[in-house]
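The structure appears below as structure tokens.
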């Protein structure tokens, strides 16, 4: 598919707010997202992620249904907490560690070290690992995570960070569905990836979900249900549901690009 026709996946509109607010901080206002690229990513792959981040706050500049319309739902959580505010997501600095300075087998504690290379004040650091980098727990228990860490040793103030891995060669059936045959459950045919890259399109799904969870529960005392150690957060209440009439093994009624046959459910910037 040519670059001008690529589409970005996002998330289906969520059901009414059912998460409990635990009186903690929320991320609001101008939200800078710094990116750490760990391992090899092509220029095209970086542009896919960059355009998705840019699409979150491009209100009125995209065809409907728009990525920005989905993102506006996060502002409802702020309003419900008595803190009405617009959350404008801005792409910040990007750090490239293509030679994998910490090796190609990472512990989760090392994700925090990588995030510290690009701390975003009143923002989020996004750590992305390439398809040949193994991360503790990846594929076995998660496709990514979000957490927080002190800005510096001895300080109480924290910064929020996200990690997402490229599952293309490790577990696409778990972390890149519906663009790859699922590992378990109904074996329905995979959908055509909107950007022609199963691994990175799967990353976009996980980045979207974790961004929503981070903004509404950045430090573990925001919006969530269940135990704080294993919370159900915004966008995680309906996993695998990307359109109307979704059910296990079926992602939902999605839009289909007439030229490429790719499935998508939201429009982003630059024709994504």
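Derivation of every value follows stated rules applied to the coordinates shown; laboratory data play no part. These numbers were taken from a predicted model, which means no experiment stands behind them. Glycine also receives a Cβ, built like all others from the backbone with ideal geometry; neighbour counts cover every protein chain displayed.
Some notes on this structure:
- Restricting the first member to the range 185-206 and to residues that are without any contact (Cβ under 8 Å) to a residue 40 or more places away in the chain and at negative phi, and the second to residues that are in a loop (DSSP other than H, G, I, E, B) and surrounded by fewer than 18 Cβ atoms within 10 Å (Cβ to Cβ), the beta-carbon pairs closer than 7 Å and six or more apart or on different chains are 190/181.
- Yes/no for residue 247 being more than 20 Å from residue 51 (Cβ to Cβ) and surrounded by fewer than 24 Cβ atoms within 10 Å (Cβ to Cβ): yes
- Members of the range 143-172 found to be farther than 20 Å from residue 94 by Cα, surrounded by 17 or more Cβ atoms within 10 Å (Cβ to Cβ) and without any contact (Cβ under 8 Å) to a residue 60 or more places away in the chain, listed by number: 167, 168, 170, 171, 172
- Strands (runs of 3 or more DSSP E) fully within the range 51-161 counting 3 or more residues that are over 20 Å from residue 217 (Cα atoms) and touching a strand residue (DSSP E or B) at 6+ places or on another chain (Cβ under 6 Å): 87-97
- Cβ pairs under 8 Å, 6+ apart, first in the range 220-231 and without any contact (Cβ under 8 Å) to a residue 24 or more places away in the chain, second assigned to a loop (DSSP other than H, G, I, E, B) and buried (at least 18 other Cβ atoms within 10 Å of the Cβ): 231/217
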